[in-house]
Amino acid sequence: MQDSFQLRRQADGLVYSFARRAGLGTAAVYERSDKMVEIIHDPRFGWSSWTSDGSLSGRAWDIPPMDQPDFPPEGIWVSRKGAKSHVYELVYAADPAHP
């Protein structure tokens, strides 16, 4: 099980950390450490992030939803906020207890 990961913005290296807050598998909710941003599994879009008004704001880019694992997939993610978009890489941190 993957309990925490980082989204690393490619343009400037900014890093956002996320940790599993609740649930297991596709019922899991991952929350950003510094702000109320959640990544959840949506049946249509796979692992993704949504605004409070229900608009899609971020998603895994290269892996179709039906091919995504039971946790947010590593690789390229894209976010959108208004007219701005950002490209990130999702990376799971190595667990020091299990090198």
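Starting from 0.36 nm per residue, how many nanometres of slack lie between D62 and A83 once their C-alpha separation is accounted for?
Gain in length upon complete extension: 5.4 nm.
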Under-5 Å amide H pairs with D42, H placed in peptide plane, nonlocal only: W47, S48
Mind listing the long-range amide H neighbours of G58? Cut-off is under 5 Å, sequence gap 5 or more, other chains count too, H placed in the peptide plane at 1.01 Å from N. S49, R80
For the chain, with equal point scatterers placed on the C-alpha atoms only and solvent neglected, what are the log10 I(q)/I(0) values from the Debye formula at q = 0.19 1/Å, to two decimals? -0.92
Accessible area per residue in Å² at 1.4 Å probe, computed on the chain: 64
On the protein heavy atoms, probe 1.4 angstrom, tell me the percent of accessible surface of the chain carried by carbon and sulfur. 53
Return the sequence-ordered ³J(HN,Hα) values of region 56-63 in whole Hz as given by the Karplus equation 6.51 cos²θ - 1.76 cosθ + 1.60 applied to θ = phi - 60°, using x for Gly and Pro. 5, 10, x, 6, 5, 9, 8, 10
Given charges at beta-carbon only (K, R positive; D, E negative), |dipole| of the chain in Debye: 380
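The values are calculated or read from the model by the stated rules, or taken from the named source; none is laboratory data. Fair warning: this is a prediction, and the values are worked out from it, not measured in the lab. Reconstructed Cβ throughout: ideal geometry from the backbone, glycine too, with neighbour counts over all protein chains shown. Ligands, DNA and RNA are excluded from the accessible area calculation, which covers all protein heavy atoms including side chains. Shrake-Rupley method; radii C 1.70, N 1.55, O 1.52, S 1.80 Å.
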